[in-house]
Every structure is written in structure tokens, then in C-alpha cells.
1. In the neighborhood of GLU156, defined by Cβ-to-Cβ distances under 10 Å, what is the net charge if each Lys or Arg adds +1 and each Asp or Glu adds -1?
2. Hey, fewest Cβ within 10 Å first, where do GLU114, GLU93 land in order?
3. With r defined as the distance between the Cβ atoms of PHE164 and GLU93 and R0 fixed at 25 Å, what FRET efficiency is calculated, to the nearest 0.05?
4. Need one number: nm distance between label points at SER222 and ASN136, each 7 Å from Cα along Cα→Cβ, rounded to one decimal.
5. Taking 0.36 nm per residue of separation and subtracting the Cα-Cα distance, what length does fully extending ARG112 through HIS44 add?
6. Within the set of other residues whose C-beta is less than 10 Å from the C-beta of GLY71, count the net charge using Lys and Arg as +1 and Asp and Glu as -1.
7. Considering only the other residues whose Cβ falls under 14 Å of the Cβ of ASN169, what net charge follows from Lys and Arg at +1 and Asp and Glu at -1?
8. Can you tell me the order of 156-164, 43-51 when each peptide is scored by its average per-residue count of other Cβ atoms within 10 angstrom, highest first?
Amino acid sequence: MKAMILAAGEGRRLRPLTLTCPKPMLPIGNRPLLEHNILLLRSHGIREIAINLHYMPHVITDYFGNGIKWGVKLHYSLEETLLGSAGALKRVESFLDETFVVMYGDLFTLMRLEPIIERHQTLKAQVTVAVHEVSNPCDKGIVSLDRHGWITSFVEKPRPDQVFSNLANAGVYIMEPDVLHWVPPQTVCDFGYHIFPWLIKNGKRLAGCPISDLLIDIGNMSSYEQAQQWAIQRQDY
């Protein structure tokens, strides 16, 4: 199985920290956030990883190189113009030629991928989205699941009057390559705003897998400090 880490974001809400460092390279404990995610994927046997780049890409490439030091092979996709989460994957469609994992590069997590992969395989889904409970659904992409685990609704960052669930996209997907056939090339395109709602509307097999593992979205100073405090308490991080 291969993986794609979305790591092109600038991290404006984390300034001034990100004025000299891209958000995925901010340290959590004793290593950059992106390194935690690469090691998490490797621990699940995933050793072929693509990473999209945009903001200060040399910081990432100079640190990781080809990935051999971490026991993985890294492939980089430099986006001169940001293409969105789905557009980024479309750009490396030829690399993603088997069932693959998508992971947002601003996640700090101990997520176990086995239950998500098992749900994906059992349901024969085209996409399986890891979902978790949140206190403020308006900040996330929210989903509703039927009793079989299929996603019946997906709304990205809903207004308060649109909230129908506290189950939110956790930023990790298992996907089949044919999903990328529905992503237009060289176009800004997002999974949450464009592709997932389209898949549901057109009867495609989009599943959800609830998780309860540690998951911190490093989107602002408060969440970054939360991840740092957690790591301080764990000497192995």
C-alpha cells in the first residue's frame, strides 16, 4: 500500500512560527510533525510515500531527502499553485496506482490504520474516511453514517444552521485509484467541498470509520501547544 501526505500548507494561523518554517515541519517533541506522520505510516508497513509541496519546499526536501534514513522512499510533488486536496492527488495519479492512504500533513495522531483499512476492505468501498467526534462541527467537514457504515451526507465547514452531526472528517482516507478519475486535471479541487459530496450524490461507495485515537489538528496556536504538552509528557516523542 502507498500513501500521500498533504504538506503544502503555509500555516497562516501559526504565524510567526511559520514565517521561517512550513507548518508540517514545526517540531512536536523531538522531531518535526511530518516526521511523526512518516514514521506512523512506516509502522503500518507503508514505505512508498508521496508528499506535495508548495511553501518553503526546500525545508522539507533538505531534511528528508529520498527518505532512506527513515526506511521509506519519498516522492515529491511541487505545486507552483496550490491545487487543493483532490487536485494534489490528481497530479500524482500515476504514482497512486493501488489502494492508498491519504493523510493531512498537519495532523498529530497515534491513529491505528488497521481498523480503517479493514472497514474499507470489508465494505468494498471506493473511499473510507476516518471520522471522530468533535465539539465544534462548524470548523470541520461533518458526516452522517447509516447503520452499515456508509456516509450519507458530507458538508464541509457547515454554517450553524447546517449542522446535522458531530462526526467529523479526521483527515485520513483509504482510497481506490479509480476515485481520481473523477478529479479534473490541473484544477483547484477539494475532497470536502467537491469530490465527497459528488460521490455521495452519484451513489458511489463512500464509507466512514469512527476512531477514538489521539488526534490533534495543528491548525492554530492552541492546538499546537496542546500537541507540544502531550509530547512533553512522553519522552519517546
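Coordinate-derived values only; no laboratory data. Predicted model, so just to flag it, every value in this text is computed and none were measured. Cβ coordinates were reconstructed from backbone atoms using ideal geometry, including for glycine residues, and neighbour counts include every protein chain displayed.
1. Working: positive: LYS140, LYS157; negative: ASP190.
Here the charged neighbours net out to +1.
2. GLU114, GLU93
3. Numbers: r = 33 Å, r/R0 = 1.31.
Result of the calculation: an efficiency of 0.15.
4. Inter-label distance under the simple model: 0.5 nm.
5. Roughly 23.6 nm would be gained on extension.
6. +4
7. Taking every other residue near ASN169 into account, the sum is -4.
8. Listed from highest to lowest mean packing, they are 43-51, 156-164.
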